Amino acid sequence: MAEPRLLTADDLDDLALGCAVYGTGGGGDVSGELLAASVALRTYGDVPLVPMADLPPDGLILPLSMIGAPTVALEMPGSGREAHAARAEVERLTGRRVVAVMAAEIGGANGVAPVGWAAQLGLPLLDADGMGRAFPELQMVSMHVAGLKPDVVVLVDALGNTAALRPVDAVWAERWGRALCVASGSSALMADHLLTPADRDAVVHGSVSRALEVGRLLRTAEEPMDALVAALGARRLVTGVIEDVDRDTDEGFVRGSVTVSGRGADHERDLRIELQNENLVALEGDAVLAGVPDLITVCDTRTGIPIATESLRFGQRVTVITWPCDPLWRTPRGLEIAGPAAFGYEHPYVPVEWAGLLMEEGRR
């Protein structure tokens, strides 16, 4: 067995940038968790980044994430004790030992925070996650696509309130978990879909390493936007200025829309992005240019740095990019769970590769 890679405080800037890219605007702003994870690593030591095959077969993998509205998380930081409480409750309920932490989603703050939680708990971090991006609802994870049930869900809020749920399925886990989250001010730490190393087909492997690579590229490239588009195999949807932001916090989500008015070569174009924590769909008039489960990220045009949905402001100069999701989300089961219909849209799913060709055809 090879020695595991160690995640250090020096890796966090790259990881945060990469997680912001994969967050598609959601998962929480990375800045706060970047600071918290840095303090945790410097206090408790570096964190081994391990593949699932390196874990003991009888141990539990603990997927952790913050649930709630990203706008609230900006104003109400955690206490720093939530991860300890979640682990203790999971081990009490299951009678099994937790051997690793996993990011439930690699996107946004929820991709960065697990490094700090792993450091606090003295555990390795699994080089995997449950989405390959960020999604707003608990059932929108690869574990649910694979047919695993969240037999135990644990929530801990900043005051130390701890709840253990036994939902009948992932949809009910979202309903109950969201209600408790709202009661705690729309922000809480959550552990759900507990895993063992035997569940290797239920996760998206290598996602932490990919986020690190993308973040390093974005930080060091001479032309960040060009480098990011090339690395992701992405397509530019529009380059312009944010003209309108309609955003509100409702039922533990940030909901709304953002309008980007094209500039330069895109000067006669307006793009509207609809969001629910994450960027869900990009429309030009009535035409869908990209949508879930494919990824849509709004970046600062000059630096390439992604902008979280709660940080979008009038007048920002942005470039909107899109690229294909992990193949698991394009399966019938994946589309049922996180495709357009899962968010209430009536349009069918069209892969971004096809939508791009259709858009170019329509302009000829």
The range 1-147: equivalent-ellipsoid semi-axes (sqrt of 5 x gyration tensor eigenvalues, Cα, Å)
21, 18, 16
Dipole of the chain, positive end: most advanced residue of 340, 88, 282 [Cβ charges, Cα centre]:
88
Just to be sure I understand: of the beta bridges DSSP finds with both ends in the range 42-167, what percent are antiparallel, rounded to 5?
30
Charge dipole of the chain about the Cα centre (unit charges at C-beta), most positive-ward option of 267, 110, 154:
154
How much of the accessible area of the chain, in percent, comes from carbon and sulfur atoms when a 1.4 Å probe is used?
52
Calculated from the structure, semi-axes √(5λ) of the Cα gyration tensor in Å equals which of (i) 39, 32, 17; (ii) 73, 24, 17; (iii) 32, 21, 19?
(iii)
Per-residue ellipticity at 222 nm attributable to helices in the chain (runs of n ≥ 4 DSSP H, -39500 (n - 2.57) apiece, nearest 500 deg cm²/dmol) works out to -9500 deg cm²/dmol
What dipole magnitude, in Debye to the nearest 20, does the chain give about its Cα centre under +1 on Lys/Arg Cβ and -1 on Asp/Glu Cβ?
400
Most positive-pole-ward Cα, 225, 350, 299, against dipole of the range 207-364 from beta carbon charges
225
For the range 7-107, give the magnitude of the charge dipole about the Cα centre (Cβ charges: +1 Lys/Arg, -1 Asp/Glu; no others), in debye to the nearest 20.
440
Loop-only check: which GluC sites (Glu not before Pro) in the range 259-306 are DSSP coil with at most 14 other Cβ within 10 angstrom?
268
Using unit Cβ charges (K, R positive; D, E negative) and no other charged atoms, how large, in debye to the nearest 20, is the dipole of the range 234-364 about its Cα centre?
500
Using the alpha-carbon atoms, what tilt in degrees (0 to 90, nearest 10) does helix 12-22 show relative to the longest principal axis of the chain?
60
With the crude spin-label approximation of a point 7 Å out along Cα→Cβ, what separation in nm comes out for residue 314 versus residue 284?
2.6
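The values are calculated or read from the model by the stated rules, or taken from the named source; none is laboratory data. Computed from a prediction, not measured in an experiment: that's the story for all the values here. Using ideal geometry, Cβ is built from the backbone for each residue, glycine included, and neighbour counts are taken over all protein chains shown. Only protein heavy atoms, including side chains, enter the accessible area calculation; ligands, DNA and RNA are left aside. Shrake-Rupley method; radii C 1.70, N 1.55, O 1.52, S 1.80 Å.
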